[in-house]
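What follows is a single structure, written as structure tokens, with notes after it.
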Amino acid sequence: MCEFPINYVEIEHVYSQTIGAGYRTVAITSAKQGEGKTSLIKALAKRARLSDKNVLVVELNTFNPTLSAKLREFPDHGKTEIISPKQQGYNLLPAPRNIQEIMRYKETHVLSEAINDWLESYDCIFFDTSALQSLNQSNIPPEIVCEVCEGTILIIEAGNTPANLIEEGIDKLKTRKVNLIGSIINDKSNPSLLSELIRE
């Protein structure tokens, strides 16, 4: 997972269109896994901290919980609790592993109530979801998470994400009446203009 420097103009633009525009709950999702959701969330969370925001990152990507796996060994039983990762500046609610907790978060009213509770302590909350194509029994559907957030960003890896997956993902979000703030094109796999000119 790459780290986006928080002084990137692109990060500042995304921040100004979300937290800077008054959104307090933002979900980041993608059509498929590995498109850069977690890297973007970490950069946005750090950027929010620079504005003295009290930030919570909620990882509901039970399919591939990158943040949780790197930060702690979490038990299979018991309630998941908010932790403060060292030197990150934001708090994290790791992805649940307890099946009962996962099933509860699939209910929009339960998730909405949890968000209202969290907003009493935090200025803004970023949600790391699984990809829209990820389907399994223990997965929290990303469209449900996106539905209860004030805004959603869809991240797409240019040249690597099939158009049909993007269309299917957008359809899922539309069906849930998700407020799609915008899409981000991650061009990490695309050659630079210079390398293309040299190739030509």
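The values are calculated or read from the model by the stated rules, or taken from the named source; none is laboratory data. Bear in mind the structure is a predicted one, so any value in this text is a computation, not a measurement. As a convention, Cβ positions derive from the backbone with ideal geometry for all residues, glycine included, and neighbour counts pool all protein chains shown. Just the protein is used for accessible areas: all its heavy atoms, side chains included, with ligands, DNA and RNA removed. Shrake-Rupley method; radii C 1.70, N 1.55, O 1.52, S 1.80 Å.
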Name every residue in region 158-180 that is of a type in the set (Val, Ile, Thr), touching a residue at least 60 places away in the same chain (Cβ under 8 Å) and surrounded by fewer than 19 Cβ atoms within 10 Å (Cβ to Cβ), in order of residue number.
166
For region 150-157, check the following and say yes or no: at least one residue is small (Gly, Ala, Ser), open to solvent by 10 Å² or more (accessible area, probe 1.4 Å) and under 26 Å from residue 20 (Cβ atoms).
no
Filter region 129-146 down to residues that are open to solvent by 30 Å² or more (accessible area, probe 1.4 Å) and touching a Ser or Thr at 6+ places or on another chain (Cβ under 6 Å), then give me how many there are.
1
